[in-house]
Amino acid sequence: MTSLTLQSRAQSAPSRAAAPLLAVDNVGLRFGGIVALDGISFEQHEGQILGLIGPNGAGKTTLFNCLSRLYTPDRGDIRFTGKTILSQPAHKIAGIGISRTFQNLALFQHMNVFDNIRVGFHSTTKSNYLSDALNLGGVRRQDEEIEYVAWTLIDYLGLRADSKRIVTDLPVGTRKRVELARALAANPRLLLLDEPAGGLNHHEVEHLGELIQQIRADRNVTVLLVEHHMSLVMSISDKVVALDFGRKIAEGTPAEVQNDPDVIRAYLGTDRK
Amino acid sequence: MDLFIHQVLAGLATGAIYACMALAVVMIYQAIDHFNFAQGEMAMFSTFIAWQLMQWGFPYWAAFFVTIGISFAAGVLIERAIFRPIHDAPILSHVVIFIALFVIINSFAGFIWEFTIKAFPSPFGTKPVLGEGLLSAHDAGMMAVVGIVLLLLYGFFRYTRIGLAMRAAAANPDSAKLVGVRVGWMLALGWGMAAAIGAVAGMMIAPVVFLEPNMMLSILLYGFAGAVVGGLTSPVGAVLGGFSVGVVENLAGTFIPYFGSEMKLSIALALIVAVLMVRPSGIFGRKVVTRV
């Protein structure tokens, strides 16, 4: 049950020299005639915050869907802790340590905040239909532990006042925190955040940046972030990868990527003098 | 006034039948988002299995629970074998298969057990409990059974982890997958549970309407009406909807002049149309709001 404890992996200092936590290797995917991803490669080390940027349609969310196994790439490989994840079905991804949030929020509607977060623990538990239906002792103990950790997460993300409210009644900013709590419930090593700042106001975005860094520090989670909000990406990322039309056009520190001529061209258009 | 109370009670008694069926309908609707037209035939077939077991010498309650087990397994099997392969197919493909299942199960039951009417025993007896002709012991027992099934369902969805996972899988399959829920199996479980509830409904209804392959035809319609009135997303609503359909049907038959029993079935249909026009999500259902 140690997998449920909130800070289980904290303090194990990230080592940059070791093998990467996540390796995206020449990943390609096409939908009919559209090349969504064209040979994307990059690596992410444990403890890093990596920002994935690019104009609309660059393939960021498609890549995210490959990483969480909703899509299967046509070619290339994705390795997590050195092992390919392409042989795993989507429902096993949380179990191996990858959690995500969605661009347009994908909470369980009509369920309250507490239940939404409770589902997030699903991959951390082992039980079957029978033991569950009979509500055996072990299951009950596990349930109590889940409830305890769920409340810890709820407090961590400041959701206690809304914990019994139905998620559809809540403002976007609060729902985003619920989704974050649900993702953290699986105690991930890698957290995929798809446009976490989308729909937030200026003040909330500032707070979000601090929150992401706080989560990394408290829980030693590696964060892969797709984001349009440039100042957020540039202020918290250790490394930035820029995509355009399914290709990687730049990779490096925020400062390097910001000044990359290809990136500037992708965002501002070609200079035709 | 006496007549009124009398008719309300009689309506509640028939309403219990519709409530049983409505509960099964809502159960499957929750899991697969469609009306299962073959639901009534599945329940009928289960009831025949119970009848056959009793013919072979099983005591009532043994046959009752064995039938529930068989029906559950059959429900899971139907989902795995037939509906899993067409999971992404359009609604129309599902509807066609529902109708095919309806006809196949109906004729298969006729082929095995013939179309003659058979008596089905009631575990509660038929003595009146509330004065002659008002509420029989079977009616009361049936209401109790509906209540127990409802409580079990509530407890299952509210307090067990699998129940929570099933709700999650129905609410958002992709998200559910990514937190580790095996969505396909949750669907199969939903089918199994719906088939099991249908079996309970069939066994409760059979002593009243007698057992034969077409026993569920009109009852399924009333069950649909109950489910629509109560709200397709709410098991409690379905049960209350089933009871209200029974009561409304009975009162209309009694107090509206020239409105004989021939017209009773049209009440169910009128109710469906009226609710869909005025409040499509039903009285207890939740409106699904999609962000555009």
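The values are calculated or read from the model by the stated rules, or taken from the named source; none is laboratory data. Remember, predicted model here, so these are calculated numbers, not experimental data. All Cβ positions, glycine included, derive from the backbone under ideal geometry; neighbour counts span all protein chains shown.
Observations on the model:
- Taken together, the criteria exclude residue B:194 from residues that are assigned to a helix (DSSP H, G or I), in contact with a Phe, Trp or Tyr (Cβ under 6 Å, 6 or more places away or on another chain) and among the small types (Gly, Ala, Ser).
- Residue, farthest from the other protein chains (Cβ to nearest Cβ), within region A:86-109, restricted to residues that are touching a Ser or Thr at 6+ places or on another chain (Cβ under 9 Å) and assigned to a loop (DSSP other than H, G, I, E, B): A:86
Here's the yes/no breakdown for (1) in contact with a Ser or Thr (Cβ under 9 Å, 6 or more places away or on another chain); (2) modelled with pLDDT under 85; (3) within 14 Å of chain A (Cβ to nearest Cβ):
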position: B:181; (1), (2), (3): yes, no, yes
position: B:185; (1), (2), (3): no, no, yes
position: B:190; (1), (2), (3): no, no, yes
position: B:196; (1), (2), (3): yes, no, yes
position: B:199; (1), (2), (3): yes, no, no
position: B:203; (1), (2), (3): yes, no, no
position: B:208; (1), (2), (3): yes, no, no
position: B:218; (1), (2), (3): no, yes, no
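For every residue, the table says whether it meets (1) buried (at least 21 other Cβ atoms within 10 Å of the Cβ); (2) in a helix (DSSP H, G or I); (3) within 19 Å of the chain's Cα centre (by Cα).
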| site | (1), (2), (3) |
| --- | --- |
| B:140 | no, yes, yes |
| B:154 | no, yes, yes |
| B:164 | yes, yes, no |
| B:189 | yes, yes, yes |
| B:198 | yes, yes, yes |
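- Top-ranked residue in region A:180-228 [being of a type in the set (S, T, N, Q) and in contact with a strand residue (DSSP E or B) (Cβ under 8 Å, 6 or more places away or on another chain); ranked as nearest to the other protein chains (Cβ to nearest Cβ)]: A:222
- Of the criteria (1) at negative phi; (2) surrounded by 13 or more Cβ atoms within 10 Å (Cβ to Cβ), which one residue B:180 fails: (1)
- Residue in region A:27-35 that is free of Cβ contacts under 8 Å to residues at least 40 places away in the same chain, within 26 Å of residue B:175 (Cβ to Cβ), of a type in the set (A, V, I, L, M) and surrounded by fewer than 18 Cβ atoms within 10 Å (Cβ to Cβ) present: yes
- Residue, farthest from residue B:38 (Cα to Cα), within region B:108-165, restricted to residues that are within 14 Å of chain A (Cβ to nearest Cβ) and in contact with a Phe, Trp or Tyr (Cβ under 7 Å, 6 or more places away or on another chain): B:162
- All of A:240, A:233 fail the test of being part of a helix (DSSP H, G or I), crowded, with 23+ Cβ neighbours inside 10 Å, out of contact with any His (no Cβ under 9 Å at 6 or more places or on another chain) and not charged (D, E, K, R), apart from A:233.
- Some residue of region B:54-77 being closer than 22 Å to residue B:182 by Cα, surrounded by 13 or more Cβ atoms within 10 Å (Cβ to Cβ) and touching a Leu at 6+ places or on another chain (Cβ under 8 Å): yes
- Residue in region B:116-125 that is part of a helix (DSSP H, G or I), of a type in the set (Ser, Thr, Tyr) and touching a residue at least 24 places away in the same chain (Cβ under 8 Å) present: no
- All positions within region B:166-175 that are in a helix (DSSP H, G or I) and within 7 Å of another protein chain (Cβ to nearest Cβ): B:167, B:168, B:171, B:174, B:175
- Taking the criterion of being of a type outside the set (A, V, I, L, M) and in contact with a Leu (Cβ under 7 Å, 6 or more places away or on another chain), the only residue of region B:211-225 that qualifies is B:218.
- Of residues in region A:117-141 being at pLDDT 80 or above and either more than 8 Å from chain B (Cβ to nearest Cβ) or not in a helix (DSSP H, G or I) (or both), the one surrounded by the most Cβ atoms within 10 Å (Cβ to Cβ): A:120
- Subset of region A:143-171 (residues that are surrounded by 16 or more Cβ atoms within 10 Å (Cβ to Cβ), within 16 Å of residue B:158 (Cα to Cα) and modelled with pLDDT under 85): A:143
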